[in-house]
Amino acid sequence: MTGTVQTPSFVSRVVHHHLFWPVVALVALWIACGVVSPGFLDVKVVDGHLFGQLVDITRNSVTFLLLALGMCLVIATGGIDLSVGAVMAISLAVALTYIDNSGNGESATVALTAVAIALGVAAVVGAFNGFLIAGLGIQPFIATMIILVAGRGIALAFTGGQITTTHSAPFKSIGSGFVLGIPTPVVIGAVVFAIVALLVRKTALGMLLESVGINRTASHMAGVRSRNITWLVYILCGTLAGLAGLVYGAPTMAADANNIGQLMELNAIMAVVIGGTKLDGGKFSLAGTIVGALILTTLDRAVIIFHLPSESKDLFKAIVVIAICIAGSERLRDSIGLRRRPRLDSSTPAPKKTAEVAA
Amino acid sequence: MTAQTVSGHAPTDHTPHDADDPRWKQAGRAAWGRLSDRRYLPTFGTLATLAILLVVGQLRYSTDDRSFISARLFSNLFIDNSYLLVLAIGMTFVIISGGIDLSVGGVVALVGLVVAKLLLAGLPLPVVLVVGVLVGTAIGSLIGVMVQYFRIQPFIASLAGLFLARGLANMLGTTSIGIKDEGFASLASWKLKFGERPDIWYINLSMIVAFVVLLIAVYLLHYTRSGRTVYGLGAGDGGQAAALMGLRPGATKMWVYVISGTCAGIGGILFALYTKSGYNLSGVGMELDAIASVVIGGALLTGGVGYVLGTFAGVTLYGLILIVCTREGLDPWWNRILIGAILLGFVLLQRVLVAKRR
């Protein structure tokens, strides 16, 4: 756990902690799933490998987590990165095209080179975003929208408009293998999380990110190299998106540039926000981001467990996001704290408005 | 004020294309007058880009007996993009107020399916159309309440709106439902014909609706107290300046989302008229097309700056880019790269123009 977790001594402190509602939502979801499907919470060891629904959910959440970690840092600087879904598609297209052309997919060296090239390309795309935003001062939303629009086109150009499929056992293991009984993606996610957490919480970087997010000009005047930091977070976010693309696409070994990573940018932003990070920048929660990624993945799985039509997934997500946002909103917290009448007041909060405007 | 700008492109003009010339000169003179006014510079950049694309198109695609720049070109452009124009107009209100509405693409899909389903159920057409628009209004109101009363950031509130609308659309059906209602079909195919055989062009119902929405929006945003409040909200101080001016920013913050949702509802019906069907996957990424059009039209995403007619120019430019891509006969993936590249070029151009302001 990182420095964001405080030692809660009072109930009110627990309730007001930014992780309270997300964790409640996650636990409630898991319990609900456990009630409907009794084996849900079991974790078994089969052939020395961990198996179970929760393990699956954790494995699947790694894609969201990698995207959301990068996004979280970008959002901390007051920016946004809409290009991550497209970067996933580009990265996977580059890696699989390289493996396909090498003719020897089973070699570990080829697979590693493919990963390195793909991550390099993803970093370059991130640097391009950084150049537009830090170098030219273009608004992040618009700057990253350029890759969002063009990125899938670039990925399609790599694969020649086809869905590239190829074979490579070493590459495939990135998505479906095991390390010491733990699924490889989970290990990758944990290592990346540890690195990012150390980077931002054990060095000054986290504080500098937040200072840029709070006031770019002020932090620049105070001697923070705000431009370099902006470059850095977009490169980092792009690279992590590239890695997410590899982890996501490796099990199927098919680069479907049109569909891989579709709407992922919005899911990643959603994971970050569910985890308690505000989009205004200046404050972020890495632990919350993990919870957010787990909630989104659990929702995907819960739809199947509850025997709901898979089409209801988006509706489900919307309801949970709205519930978490409203539950965590200042307005509802105020009404709980001041009037000690939970929830019911939230539907009629209008009268307080006038005082605020007058102030 | 910017009325000259719109007549300069004369898509609704009832005269044949050879009357374009003096109007262009008029618009040119007006534009030169505007150059001294810094507020118009980003929009002027849009018009310059539009002019460049038109000239390039004229040079590359004109044949001896047919000119590229013609009433026919603009007629096709607005038949294909009237729904986008309506979406972008609603988005203009939201963006000028300093917010964003990501839900509109989902609303388009939901409204299309609601219309298709209700017509299949045998409800009368006028009722169905009104219900369709109100579906958009409802989603917009929900987002507005989240933003205004619960202080949820517009990006997230409208993102939830997007997933809600698309989720509901998915629940209604996952296959494309053709609309065979006779009344609806006659609305979709109704058009006024102008000109002679080679240069024939049309005005259809969608275009008329879009231009009526455009006029209402120009009036609302630029000539009313509420319009000024929208600009006041976008000033970046949470509406305090607007409140000090004696405007009432509180409810306006919610109303911009209601307006955008309603526009999305109208846009959804126009899209259903255009495709004569309802489909849960239609409108994917349409919110970004709308946002791109608004930004290309000179609005700043930070709020406070922008014009409805700028958005009109933005949508025109967006449609023109697509036409040029098609004329070049490129592979589909090159289209997207080209749109991205032109968006990039345009953002850079706008950046240079805005930089000169300082």
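Could you work out the mean projected area of the convex hull around the alpha carbons of chain B, in square nanometres to one decimal? Reported value for the Cα convex hull: 18.4 nm². Over chain A, Cα pairs under 8 Å with separation of 6+ residues give a relative contact order of 30 percent. Filter the DSSP H helices in chain A by two things, a Kyte-Doolittle mean of at least 0.0 and an axial alpha-carbon span of 30 angstrom or more, and list the hits by number. Counting only whole DSSP H runs, the qualifying helices are A:53-76, A:108-130, A:226-249. Computed from the Cβ-Cβ distance with R0 of 30 Å, the FRET efficiency linking B:Ser186 to B:Leu134 stands at 0.85.
Taken as entire DSSP H runs, the helices of chain B that both span 27 Å or more between Cα atoms along their own long axis and average 0.0 or more on the Kyte-Doolittle scale are B:41-61, B:71-96, B:125-148, B:249-275, B:308-328, B:332-357. Let me know the whole percent of all Cα-Cα pairs from segment A:102-261 that are separated by more than 27 Å. Result: 35 percent of Cα pairs exceed 27 Å.
In units of the rule-of-thumb radius 2.2 N^0.38 Å, segment B:256-358 shows an alpha carbon radius of gyration of 1.21.
A cut-off under 13 angstrom between Cβ atoms defines the neighbours of B:Leu159, and their net charge, with Lys, Arg +1 and Asp, Glu -1, is -2. Here the Kirkwood formula puts the hydrodynamic radius of segment B:41-110 at 14.7 Å, using every distinct Cα pair. Computed on protein heavy atoms with a 1.4 Å probe, the accessible areas place B:Val315, A:Val124 in the order A:Val124, B:Val315, largest first. Counted over segment B:177-224 with a bin width of 10 Å, the fraction of Cα pairs per bin, in whole percents, is 22, 30, 31, 16, 1.
How big is D, in µm² s⁻¹, for segment A:108-167 by Stokes-Einstein at 10 °C and 1.306 mPa s if Rh is the Kirkwood radius over C-alpha pairs?
Translational D for this selection: 120 µm²/s.
Rank B:Gly183, B:Trp24, B:Ile152 by how far each Cα sits towards the positive end of the charge dipole of chain B (+1 on Lys, Arg Cβ; -1 on Asp, Glu Cβ) and give me just the farthest. Final value for the positive-end residue is B:Ile152. Just how much of A:Phe131 is accessible, in Å², when a 1.4 Å probe is used and the result is rounded to the nearest 10? The accessible area comes out at roughly 90 Å².
Summing charges over all other residues whose Cβ lies under 13 Å from the Cβ of A:Gly135, with Lys and Arg as +1 and Asp and Glu as -1, gives +2. Evaluated at q = 0.09, 0.10, 0.17 Å⁻¹, the base-10 log of the normalised Debye intensity for segment A:168-299, with identical point scatterers placed on the Cα atoms, takes the values -0.33, -0.40, -1.04.
Show that you can apply the helix-only estimate: for chain A, add -39,500 (n - 2.57) for every DSSP H stretch of four or more residues, divide by all residues, and state [θ] at 222 nm to the nearest 500.
Calculated at 222 nm, the ellipticity per residue is -21500 deg cm²/dmol.
Taking only the C-alpha atoms of chain A, the Rg (one decimal) and the largest Cα-Cα distance, Dmax (whole number), read 21.4, 72 Å. For the chain pair A and B, the buried solvent-accessible surface (1.4 Å probe, both sides summed) amounts to about 4200 Å².
Between A:Val43 and A:His307, the FRET efficiency from the beta-carbon distance, with R0 = 25 Å, is close to 0.65. Once the Cα-Cα distance is subtracted from the 0.36 nm per residue extended length, the A:Phe20 to A:Asp56 segment shows a gain of 10.5 nm. Using a probe of 1.4 Å, the accessible surface attributed to B:Trp190 totals some 110 Å² when neighbouring protein chains are kept in position. When a/c reaches 1.5 or more, the comparison of a/b and b/c decides; with that in mind, is segment B:87-176 rounded, prolate or oblate per its Cα gyration tensor? Prolate.
For B:Met245, the accessible area of its heavy atoms, probed at 1.4 Å with every protein chain present, is near 130 square angstrom. Extension gain for the segment B:His222 to B:Val145, taken as residue separation times 0.36 nm less the Cα-Cα distance, is 25.2 nm to one decimal.
Give the longest segment of chain A that steers clear of trypsin sites (Lys or Arg not before Pro) in DSSP loops with at most 12 neighbouring Cβ atoms within 10 Å, not counting the sites themselves.
Looking at chain A, A:1-201 is the longest stretch - no exposed trypsin sites (Lys or Arg not before Pro) with at most 12 other Cβ atoms within 10 Å.
The Kirkwood hydrodynamic radius of segment A:75-177, based on inverse pair distances between different Cα atoms, is 14.5 Å. Just the protein heavy atoms count here, and of the accessible area of segment A:115-253 at 1.4 Å, carbon and sulfur take up 71 percent. Here the scattering of the protein assembly as shown is modelled by Debye summation over its C-alpha atoms, one equal scatterer each and no solvent; at q = 0.09 Å⁻¹ the log10 of I(q)/I(0) is -0.84.
The values are calculated or read from the model by the stated rules, or taken from the named source; none is laboratory data. Just so it is clear, the structure is predicted and the values come from calculations on it, not from any experiment. Neighbour counts run over all protein chains shown; Cβ positions are idealised from the backbone, glycine included. These accessible areas exclude ligands, DNA and RNA; they are computed on the full protein's heavy atoms, side chains included. Shrake-Rupley method; radii C 1.70, N 1.55, O 1.52, S 1.80 Å.
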